[in-house]
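Let me begin by presenting the structure, written as structure tokens, before commenting on it.
None of the figures in this text is laboratory data; all of them are computed from the coordinates on show. This one's a predicted model, so the numbers in the text were calculated from it and none came from an experiment. Glycine gets a Cβ as well: all are built from the backbone with ideal geometry, and neighbour counts include every protein chain shown.
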Amino acid sequence: MKIRLYIISMLTLTFLAASAYAETLKVITKENAIREECRFFSPVRIKVYYNDTVEAVSKEGDWFKVKYKGIKGCIHKSAVEEKTFRLTGLLGSQSKTASEDEVSLAGKGFNPQVENSYKDRHPELDFRVVDSIGEYRISEESLRNFIKNGELNLP
């Protein structure tokens, strides 16, 4: 009986240790990639988009090893949010939770009110060019060719 209890305890501890890091992360960038290896120019396995949820398997330096739609790979910590934020003080003992959108925008120091205020103070500015730059895309292949042709020695 003691041996059986010991085996069950060890299996339970092993399972808990293996799943201890399983954490859900939210993508906070407009578009990002889960890569084969934990390097910026490693081939892309799958693209992820703002507010997608990925499962963190482990952490390796500034990278998370993740699983998304059954595909495993790496994503940089700057592309995901792993914290929960609580706002307290203004409403006494009541607490409010900030939405992921609010946290993401606050991290960038920008929100719709700031944008509208800036546009109101500078009506002469044309934001269409800025918007078009935000939509500009470069393929992974073009980027790899640029690095190769420029003889850039990146890790």
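Details
- Proximal charge balance of GLY61 [Cβ under 11 Å; K/R count +1, D/E count -1]: +2
- Potential extension, GLU36-GLU23 segment - 0.36 nm per residue separation minus Cα distance: 2.7 nm
- Straight-distance crosslink candidates among aspartates and glutamates, where the alpha carbon sits under 19 Å from LYS77 and sequence neighbours closer than 8 are dropped: GLU23, GLU31, GLU36, GLU37, ASP52, GLU55, GLU60, ASP62, GLU100, ASP101, GLU102
- Unsatisfied cross-links (Cα-Cα over 25 Å) in the set LYS30/LYS148; LYS47/LYS148; LYS26/LYS65; LYS47/LYS119; LYS26/LYS47: LYS30/LYS148; LYS47/LYS119
- Rounded to 0.05, the FRET efficiency of the ARG45 and PHE127 pair, given R0 = 25 Å and the Cβ-Cβ distance, is 0.15.
- The simple spin-label model puts a point 7 Å past each Cα toward its Cβ; for SER117 and SER78 those points are separated by 2.6 nm.
- Counted residue by residue at 0.36 nm each, then reduced by the alpha carbon distance between them, the extension gain from ARG137 to LYS69 reaches 22.1 nm.
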